[in-house]
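Let me begin by presenting the structure, written as structure tokens, before commenting on it.
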Amino acid sequence: MSAEHRGGGRARAAGSIVGGTRAADAGAATGRAHSVGADGVSAADAEKGGAGRASAGPASADRANAENGYAPGGCVVGEGATTMEAGAMSAGDEGRAGAGRARDAGRASADSEPFWRELRGVTQARIGLGRTGDALPTARVLEFRAAHSVARDAVHMSVDVNALCERVTAVGIGMPIRVRSRARDRAEYLRRPDLGREPEDSSAIRNTVSPSAFDVGFVLADGLSPRALATHGPDLLAALVDELAPHYALAPPVIATQARVAIGDHLGAALGARTVLVLIGERPGLSVADSLGIYLTHHPRPGRTDAERNCVSNIHPPEGLGYRQAAAVVAGLVAGARALGRSGVDLKDGSGADAVKSAVVEGISKG
């Protein structure tokens, strides 16, 4: 074969790769398209055999054309057409396999749905979401996006302080004192956590009450979820007062906005309280956006570390911890801190162990 013919075959083969569809269609229209594989089998024969074969190049194509009565270069031959046909068959096989996987996933999801439905009844975690092919079902994706939006809104919303003051006043331990942190607005509060840990001015406390022998002080802080404070703060405070008032002298409540946990150290010291309880909105998650936490610090003063506090978290009935349960745990921690002389890592919550012990004793007595 001449160099010219070989060069022409290569050029035509390269052209068919770039514009394989157009070349193949043109050849099919004239009845002269004929793709040949490495072993001289035509594309039609390869399709019947169920396998696409890659072209061995222009030389093999010219030899096969000669055997079939075609002159070299007289038909559309080369890698483009053969590769396309093999690719089409591969895509078809993959599509059938994908459909099979989707059917299998659907059957598996349907078979396991009662199991997941029962588990979802006892947790807010995102479990057993199912599958659509290799992805989550559309409904689950939309639920995720909606939950993310709710969490973002909970962080950025502002609390209605006037309405909150009215509800806190109704608890009956005095008019609440209003303070704010050094953060000027919500955006600065989120960018600068350090500013949320210090009050802008604590003179309101000194002007309202003189440092006294208060046993317990309360700070209601918006934190990262003002929505949680507005939803649960007053009712949780009422439960705490019911639990603690018979045993301790309680300070008037303080409402702090744009606040972090450590602001309670400054405010508790200004109140002269032996123990301060900070009721604060917790960071929203994708399952819960209105959870409240209580941080207990014994002998509060500026500079206390997180290791010197105790926390009762996840307070958001009915799904989370209830107000009465949380108040009972806190009462135990307050008593423990006073006996131990400090709060933090050395102070343990024994309420769970006591509950288990009571249940065991009750079970034995009944048995």
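The values are calculated or read from the model by the stated rules, or taken from the named source; none is laboratory data. As the structure is a computational prediction, the values presented were derived from the model and not from experiment. Glycine also receives a Cβ, built like all others from the backbone with ideal geometry; neighbour counts cover every protein chain displayed. Accessible surface is based on the protein model in full, side chains and every heavy atom, while ligands, DNA and RNA are left aside. Shrake-Rupley method; radii C 1.70, N 1.55, O 1.52, S 1.80 Å.
Side notes on the structure shown:
- Odd one out for LEU142, checked against (1) farther than 25 Å from ASP235 by Cα; (2) outside any loop (DSSP other than H, G, I, E, B); (3) of a type in the set (A, V, I, L, M, F, W, C); (4) touching a residue at least 12 places away in the same chain (Cβ under 8 Å): (4)
- Number of positions in segment 130-139 that are in a helix (DSSP H, G or I) and of a type in the set (S, T, N, Q): 1
- Against the test of being open to solvent by 10 Å² or more (accessible area, probe 1.4 Å), touching a residue at least 40 places away in the same chain (Cβ under 8 Å), aliphatic (A, V, I, L, M) and in contact with a helix residue (DSSP H, G or I) (Cβ under 8 Å, 6 or more places away or on another chain), the options ALA228, ALA238, ALA147 yield a single qualifying residue, ALA238.
- All told, ARG338 meets the bar of being over 22 Å from THR123 (Cα atoms), of a type in the set (Lys, Arg) and more than 26 Å from the chain's Cα centre (by Cα).
- Residues satisfying the stated conditions in segment 162-191, i.e. part of a helix (DSSP H, G or I), more than 26 Å from SER287 (Cα to Cα) and not charged (D, E, K, R): ASN162, ALA163, CYS165, VAL168, THR169
- Within segment 302-327, the set of residues being open to solvent by 70 Å² or more (accessible area, probe 1.4 Å), within 21 Å of the chain's Cα centre (by Cα) and in contact (Cβ under 8 Å) with a residue 40 or more places away in the chain comprises GLU319 only.
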